[in-house]
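Here's the structure we're looking at; comments come further down.
The values are calculated or read from the model by the stated rules, or taken from the named source; none is laboratory data. Quick caveat: nothing in here was measured; it's all calculated off a predicted structure. Cβ placement follows ideal geometry from the backbone for every residue including glycine, while neighbour counts extend to all protein chains displayed.
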């Protein structure tokens with residue numbers, strides 16, 4: 001009887017050893033070789049494992065290319081015909097929200113096309129200043145020729161000029177108020193009424209920003225020149241004469 005009990009206890013002991021061995025095999029993690037060549041990528045400091053400089057170099061050694069600076073890319077304008085087709089389909093289904101959105105996108109496409117044509121009509125040099133192609137701007141709010149703004153910059157190390165054509169009610173109204181009230185303008189020694197290519201205009205001077213020439217034309221458009229470090233108003237008027245305002249009128253459908 002005693003021998004039977006002894007054998008049974010030995011059997012339980014062996015089972016417990018076997019179970020412990022299996023458990024240790026499950027819990028125990030395999031060793032990971034973190035060596036690169038003959039150098040270990042990690043070193044132990046106290047109880048913490050911190051990366052060496054070599055690891056940091058590996059982490060920051062990205063092959064992702066960097067965007068090339070100075071290369072301005074142009075986004076394609078909305079496709080006019082495609083948006084008109086979408087508007088017709090949406091209108092047929094009485095989806096008026098989508099109809100309006102498609103029409104607005106078509107208007108944006110048309111205005112951007114006009115804007116680029118306006119830029120193409122501008123000279124590449126003005127009063128010895130070079131056109132800065134990467135600075136060209138064309139913006140449309142899609143509100144039907146009331147939110148179209150284009151600008152071009154010319155400059156060298158000493159002087160600068162910004163030419164802008166816009167359908168902008170704020171700019172137009174202030175200029176039209178000035179040209180229609182000569183007596184008000186006469187009270188300001190830094191403002192005068194001038195004529196540019198048959199259009200009554202406003203010429204202003206500010207000691208901090210230079211000369212500003214505003215030329216309202218047509219019903220809702222304006223041509224603006226901002227001139228920095230120009231020596232006289234005669235230079236400003238000469239620069240303005242190098243832009244063809246009649247072409248601006250034609251492209252914008254102004255009378």
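For segment 225-248: of the residues being out of contact with any helix residue (DSSP H, G or I) (no Cβ under 7 Å at 6 or more places or on another chain) and surrounded by 17 or more Cβ atoms within 10 Å (Cβ to Cβ), which is nearest to residue 167 (Cα to Cα)? For segment 225-248, the residue satisfying everything is 245. In segment 123-140, how many residues are part of a loop (DSSP other than H, G, I, E, B) and under 12 Å from residue 242 (Cβ atoms)? Summing the residues that are part of a loop (DSSP other than H, G, I, E, B) and under 12 Å from residue 242 (Cβ atoms) in segment 123-140 gives 4.
When 102, 106, 87 are screened for being buried (at least 20 other Cβ atoms within 10 Å of the Cβ), farther than 28 Å from residue 219 by Cα and either in contact with a helix residue (DSSP H, G or I) (Cβ under 9 Å, 6 or more places away or on another chain) or at pLDDT below 85 (or both), only 87 passes.
Just one of the numbered conditions (1) farther than 27 Å from residue 109 by Cβ; (2) in contact (Cβ under 8 Å) with a residue 24 or more places away in the chain; (3) within 34 Å of the chain's Cα centre (by Cα); (4) part of a strand (DSSP E or B) is not true of residue 194: (3).
Would you check which residues across segment 207-220 are at pLDDT below 90 and either in contact with a helix residue (DSSP H, G or I) (Cβ under 6 Å, 6 or more places away or on another chain) or part of a strand (DSSP E or B) (or both) and list them? Result: 218, single match.
For residue 125, the conditions (1) touching a residue at least 40 places away in the same chain (Cβ under 8 Å); (2) surrounded by fewer than 17 Cβ atoms within 10 Å (Cβ to Cβ) are fulfilled apart from (1). Looking across segment 111-121, the residues that are closer than 20 Å to residue 147 by Cβ and either outside any helix (DSSP H, G or I) or out of contact with any helix residue (DSSP H, G or I) (no Cβ under 6 Å at 6 or more places or on another chain) (or both) come down to 111, 112, 113, 115, 116, 119.
Filtered by the rule that a residue be under 18 Å from residue 209 (Cβ atoms), assigned to a helix (DSSP H, G or I) and without any contact (Cβ under 8 Å) to a residue 24 or more places away in the chain, segment 153-173 gives a lone residue, 170. Scanning segment 128-145 for residues that are at pLDDT below 90 and either at positive phi or over 21 Å from the mean Cα position of the chain (by Cα) (or both) yields 142, 144, 145.
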